[in-house]
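The values are calculated or read from the model by the stated rules, or taken from the named source; none is laboratory data. This one's a predicted model, so the numbers in the text were calculated from it and none came from an experiment. For neighbour counting, all protein chains shown are included, and Cβ atoms are generated from backbone atoms with ideal geometry for every residue, glycine included. For the accessible areas, the whole protein counts, side chains as well, though only heavy atoms, and no ligand, DNA or RNA atoms are used. Shrake-Rupley method; radii C 1.70, N 1.55, O 1.52, S 1.80 Å.
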Amino acid sequence: MQQKDTKRIRLNVNGETHELTVESHLVLSSVLRNKLGLTGAKEACGEGACGACTVLIDGVAKPSCMVLAVEQEGKEIETIEGLSQNGKLHPIQEAWLEEYGAQCGFCSPGMIMSTKGLLLKNPDPSEEEIKEALGGNICICSNYEHIINAVKSAARKMKEQSNG
């Protein structure tokens, strides 16, 4: 029987350090879901085409099915579970609720994390920039109008919060 190629790694996820032994070939989405119990990032296409597993890595939205977990040491990983603080929803999550950004909700974690990545680098995006930033995320319910409105609302909320 062939021995599995494993590696001991330290992942910083949502501000917490986790020491894990993982198989070298495992992608981040698998480790987040199956080793850390963070199931917000959905496993869907497995090839980076749908955006359901999107997380932030060093502030940049990336499909977690496309990056090896062992290559994420020393990076800041943020999942949907890390957005709310002390029981209070993040302004992006509030906007999603208020603007009916979720229908079935399957795409919402990836869409929300892509939105946060966008708003971190561009706090006042145009509708075209929103569409471009969310272009790697698929909503099977075709709820795009509400999602775009939620992103616009989130941008306003975050701007008000930073000015307040």
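Evaluated against (1) at positive phi; (2) part of a helix (DSSP H, G or I), residue 142 falls short on exactly one condition, (2). Under the condition of being surrounded by 14 or more Cβ atoms within 10 Å (Cβ to Cβ) and in contact with a helix residue (DSSP H, G or I) (Cβ under 7 Å, 6 or more places away or on another chain), the residues counted in region 153-164 number 5.
Restricting attention to region 101-125, and to residues there that are at pLDDT below 95 and not polar (S, T, N, Q), which single residue is surrounded by the most Cβ atoms within 10 Å (Cβ to Cβ)? Here the answer is 101. Here is the figure for region 22-43: residues that are over 14 Å from the mean Cα position of the chain (by Cα) and free of Cβ contacts under 8 Å to residues at least 12 places away in the same chain total 2. Among the residues here, residue 49 qualifies as of a type in the set (A, V, I, L, M, F, W, C), at negative phi, open to solvent by 40 Å² or more (accessible area, probe 1.4 Å) and in a loop (DSSP other than H, G, I, E, B). Checking each residue in region 63-98 for being buried (at least 23 other Cβ atoms within 10 Å of the Cβ) and not in a helix (DSSP H, G or I) picks out 63, 77, 79.
Output yes when any residue across region 133-144 is open to solvent by less than 80 Å² (accessible area, probe 1.4 Å), over 29 Å from residue 9 (Cβ atoms) and of a type in the set (A, V, I, L, M), and no when none is. Before you say what the answer is, go through the steps one by one.
If we filter region 133-144 for residues that are open to solvent by less than 80 Å² (accessible area, probe 1.4 Å), which is where we start, we get 133-137, 139, 141, 143.
Now restrict to residues that are over 29 Å from residue 9 (Cβ atoms): 133-135, 139, 141, 143.
Those left that are additionally of a type in the set (A, V, I, L, M): 133-134.
Within region 133-144 (the criterion being open to solvent by less than 80 Å² (accessible area, probe 1.4 Å), over 29 Å from residue 9 (Cβ atoms) and of a type in the set (A, V, I, L, M)), the answer is yes, since at least one residue qualifies.
Evaluated against (1) of a type outside the set (D, E, K, R); (2) at negative phi; (3) within 10 Å of the chain's Cα centre (by Cα), residue 69 falls short on exactly one condition, (3).
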